[in-house]
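Here the structure is laid out as structure tokens; the discussion comes afterwards.
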Amino acid sequence: MSLRAEMLSVGIDVTAVPGEPVGAGRYTIELVKALARRSDLETTVFSRRSDELRWTDLQNGIEETFHVVARAPRSRPLRLAYGELGLARDVRHAQRPIDCFHGPHYQLPRHLDRPGVVTVHDLTFIDHPEWHERSKVFVFSRALRQVADRADVVICVSHQTADAFSERFHPRGEVRVVMHGVDHERFNGVGDSGEDEQLRRAVGIAGPYLLHLGTIEPRKNIPNLIRAFDHLADSHSDLELVLAGQLAWGSDALNCALADSHVSDRVRQLGYVADELVAPLLRGAAAVAYPSIEEGFGLPALEALACGSPLVTTRDSVMAEFAGDAALLIDPDDVDGLTQALESLLVEGTDHAERRSKGIERAAQFTWDRTAQGHLDAYGLALGL
């Protein structure tokens, strides 16, 4: 052990976190912040050189227990090569000895000479390669197979992924489920209504709207959401559909759905939205639609529940796993079912307050501190503690 006998030291690979983080990037940031708050853990993050400031900003007051090693190149090919080869060297020669290493995004460095923990978010790179860029399919399909051979502990973010990964790859290490958390200071149902409205108006949103929050990519099922909105639009003449999230790739189906829509002028694409706008968008939505075909976790859906937002999402998914009866559940290919679910949320009824209350109650079970404890347990397991 390093630093003090009772303190565990962990190294975390944060080189994959993009400048505008979503999904796994958000998870990595929130996890590191929660781990950094702990007094029983020493944390060293390994970042890109161009991203050093993001992580050194977390050091304020905890320089003795939180360290940043910023040596990874910026470009993806060079960064991946560094992750395979150079990262293990930097772990070995870190100024503070590292007991356990964590790769929060599918990968561990080759030649790692100490216990390793890896997070697996989903298996869609293998099960649905058509949903991803070809280069990523190659890299991460290979990484998943290596994880099964290399990792001492595999963390999965849902029971669905854990079961599928264990059945498919028969990993040598133990598989643990540790679900994501919610920042309840940001995501709650009691925001400043005036400030929320001002932030929404700043991006041109003044009337009622349906909201989808998340990266725009094939598995998000946005074309079916646009078709459902088409069915609703005539009976709700002032309603807009707001798509908040960066356009990733595979936009042909989205463009076709917009071209076929008779109300495409009422579909607002905001692109990537700043952190301070996310909760106000969720709180102000008449309904939040998250009809994704498959997710690793679906963090925006959980954050919607935390805000007390009426939610429609996909049955037999991880979102259904954490939402329970707090959300309306539909089949992802059922446009009529999605239309009817959204319509029921647009018409005020006696069950609305109960559903909002259930959503807040369900989301309260998920915190980043609880997630951090689950990871700490996994690190201890990898070390045989």
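The values are calculated or read from the model by the stated rules, or taken from the named source; none is laboratory data. Note that the structure is a prediction, hence the values are computed from the model and not measured. Heads up, the Cβs are rebuilt from the backbone with ideal geometry, glycines too, and the neighbour counts pull from every protein chain shown.
Criterion first (crowded, with 22+ Cβ neighbours inside 10 Å, among the hydroxyl-bearing types (Ser, Thr, Tyr) and touching a helix residue (DSSP H, G or I) at 6+ places or on another chain (Cβ under 9 Å)) does THR119 satisfy it? Give the derivation first.
Numbers: crowded, with 22+ Cβ neighbours inside 10 Å: yes; among the hydroxyl-bearing types (Ser, Thr, Tyr): yes; touching a helix residue (DSSP H, G or I) at 6+ places or on another chain (Cβ under 9 Å): yes.
Yes; evaluated as a whole, the condition is true for this residue.
So in segment 146-158, with the set limited to residues that are in a helix (DSSP H, G or I) and out of contact with any helix residue (DSSP H, G or I) (no Cβ under 7 Å at 6 or more places or on another chain), which one is surrounded by the fewest Cβ atoms within 10 Å (Cβ to Cβ)? Walk me through it before giving the result.
Applying the first criterion (in a helix (DSSP H, G or I)) to segment 146-158 yields 146-150.
From what is left, the residues that are out of contact with any helix residue (DSSP H, G or I) (no Cβ under 7 Å at 6 or more places or on another chain) are 146-147, 149-150.
Details: GLN146: 16, VAL147: 24, ASP149: 11, ARG150: 20.
So the residue we want is ASP149.
Mind checking whether some residue in segment 81-91 is part of a loop (DSSP other than H, G, I, E, B), surrounded by 20 or more Cβ atoms within 10 Å (Cβ to Cβ) and β-branched (Val, Ile, Thr)?
Just the residues of segment 81-91 that are part of a loop (DSSP other than H, G, I, E, B), to begin with: none.
Checked segment 81-91: no residue is part of a loop (DSSP other than H, G, I, E, B), surrounded by 20 or more Cβ atoms within 10 Å (Cβ to Cβ) and β-branched (Val, Ile, Thr).
Of (1) more than 16 Å from the chain's Cα centre (by Cα); (2) buried (at least 16 other Cβ atoms within 10 Å of the Cβ); (3) not assigned by TED's automatic domain parsing to the domain that holds VAL153, ASP331 satisfies all except one. Which?
(2)
Scan segment 269-283 for residues that are in contact with a Gly (Cβ under 7 Å, 6 or more places away or on another chain) and more than 9 Å from GLY191 (Cβ to Cβ) and jot them down.
TYR272
Which one of these is outside any loop (DSSP other than H, G, I, E, B), loosely packed, with under 14 Cβ neighbours inside 10 Å and either on the phi > 0 side of the Ramachandran plot or not assigned by TED's automatic domain parsing to the domain that holds GLU321 (or both): SER166, SER135? Working first, answer last.
Values: SER166 fails: loosely packed, with under 14 Cβ neighbours inside 10 Å.
When all the criteria are applied, what remains is SER135.
Given GLU295, GLU303, which one is buried (at least 21 other Cβ atoms within 10 Å of the Cβ) and not in a helix (DSSP H, G or I)? Show your work before the answer.
Values: GLU303 fails: not in a helix (DSSP H, G or I).
None of the other options fit; the residue is GLU295.
Any idea which of (1) surrounded by 15 or more Cβ atoms within 10 Å (Cβ to Cβ); (2) touching a residue at least 24 places away in the same chain (Cβ under 8 Å) is the one GLY25 doesn't satisfy?
GLY25 satisfies all of (1) surrounded by 15 or more Cβ atoms within 10 Å (Cβ to Cβ); (2) touching a residue at least 24 places away in the same chain (Cβ under 8 Å) except (2).
Scan segment 173-201 and report the pairs whose first residue is touching a residue at least 60 places away in the same chain (Cβ under 8 Å) and surrounded by 15 or more Cβ atoms within 10 Å (Cβ to Cβ) and whose second residue is of a type in the set (Lys, Arg) and assigned to a helix (DSSP H, G or I), with Cβ atoms within less than 8 Å and a gap of 6+ or a chain change.
GLY181/ARG370; GLY189/ARG283; GLY189/ARG356; GLY191/ARG283; ASP196/ARG283
Do any helices (runs of 4 or more DSSP H) entirely within segment 318-379 hold 1 or more residues that are hydroxyl-bearing (Ser, Thr, Tyr), and if so, which? It would help to see each step written out before you state the result.
On the way: elements: 318-323, 335-346, 351-363.
Here the list reads 335-346, 351-363.
Restricted to segment 347-361, and to residues that are surrounded by fewer than 16 Cβ atoms within 10 Å (Cβ to Cβ) and touching a helix residue (DSSP H, G or I) at 6+ places or on another chain (Cβ under 8 Å), which residue is nearest to PRO291 (Cα to Cα)? Explain how you work it out, then say what you get.
To start, the set of residues in segment 347-361 that are surrounded by fewer than 16 Cβ atoms within 10 Å (Cβ to Cβ) comprises 347-354, 357, 361.
Retained after the next criterion (residues that are touching a helix residue (DSSP H, G or I) at 6+ places or on another chain (Cβ under 8 Å)): 352, 361.
Values: HIS352: 20, GLU361: 22 Å.
Residue satisfying both the conditions and the ranking: HIS352.
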